[in-house]
Structure formats: structure tokens, C-alpha cells
Amino acid sequence: MTDIKFRNESDGSEYQMTHPKAERVLQDVAVWAERNEFSQITFWRDASDEHKLWVQLGPERLNYWIHDMTFTEGKHETVEMQMDYARGAQRRSAAGYEKFDK
């Protein structure tokens, strides 16, 4: 089972994504994570823009963020694509391209 967490970038504290429309999105994230063999996914709320959720796949924090509307507006139909983009950012980072992604 995948552990999905939400944390504040400013202090590292954990919070719950309790919006009623988020449940289906979280289910889809969990299915995506299981299929892609990630046991932990963390979304970090940006310290200067609370609508940006930076993605962490396993131990790797990525240079990729998802808008919080994905969860608060229940946009489950787009989350798989967004997670695939995050995985692409992870691969770019592993290949040494992260310095060009800023």
C-alpha cells in the first residue's frame, strides 16, 4: 500500500488533504503509485505559493509541482498524466538534466 502524505515546505509539518473532492484523486494517485512501484509519495505545499504542491516520489523531491486544484476540484481525470510528468522529471533528474530545468 502506498503512503501518500502532504507536508508544508516551510516547516515540514504534515497536514491532511480533507477536501471532499480529493478522495477520488487520492485513490487514483494510489493506483498510479502501486502500478509504478512507489511506496511513498509526498506533496509539499510551497512556502510562497500555497497552491503549488511539489511532488516527491519515494526519496526524491522533484522539480515538478501540481496545482492544489487537482485535489480541491477533484480533477481525477488529469492526475495520472500529471504523475507521469512527475516521473519524467524524476528520470531527467537521474540523468543529470535537472540543472537545465530551472
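The values are calculated or read from the model by the stated rules, or taken from the named source; none is laboratory data. Just so it is clear, the model here is predicted, and its values are computed rather than measured. Here the Cβ positions follow ideal geometry from the backbone for every residue, glycine too, while neighbour counts run over all protein chains shown.
Counting only residues that are touching a His at 6+ places or on another chain (Cβ under 7 Å) and not basic (K, R), the range 8-25 holds 1 of them. Considering the range 8-49, and only residues there that are within 18 Å of T72 (Cα to Cα) and of a type in the set (F, W, Y), the residue that is surrounded by the fewest Cβ atoms within 10 Å (Cβ to Cβ) turns out to be Y15. For the range 1-11, the criterion of being closer than 19 Å to E80 by Cα and modelled with pLDDT under 95 is met by at least one residue.
Residues of the range 9-35 that are assigned to a loop (DSSP other than H, G, I, E, B) and among the charged types (D, E, K, R): E9, D11, K21.
Cβ-Cβ contacts under 6 Å between residues 6 or more apart (or on different chains), taken from a first residue in the range 78-90 that is over 13 Å from F38 (Cβ atoms) to a second residue that is outside any helix (DSSP H, G or I), are listed as Q82/I66; A89/L62; A89/N63; A89/Y64. Criterion first (part of a loop (DSSP other than H, G, I, E, B), closer than 18 Å to M17 by Cα and not acidic (D, E)) does A47 satisfy it? Yes: the conditions hold for A47.
Against the list (1) surrounded by 14 or more Cβ atoms within 10 Å (Cβ to Cβ); (2) at positive phi, the condition M83 fails is (2). Taken residue by residue, the range 48-69 has at least one member that is of a type in the set (G, A, S) and at pLDDT 95 or above.
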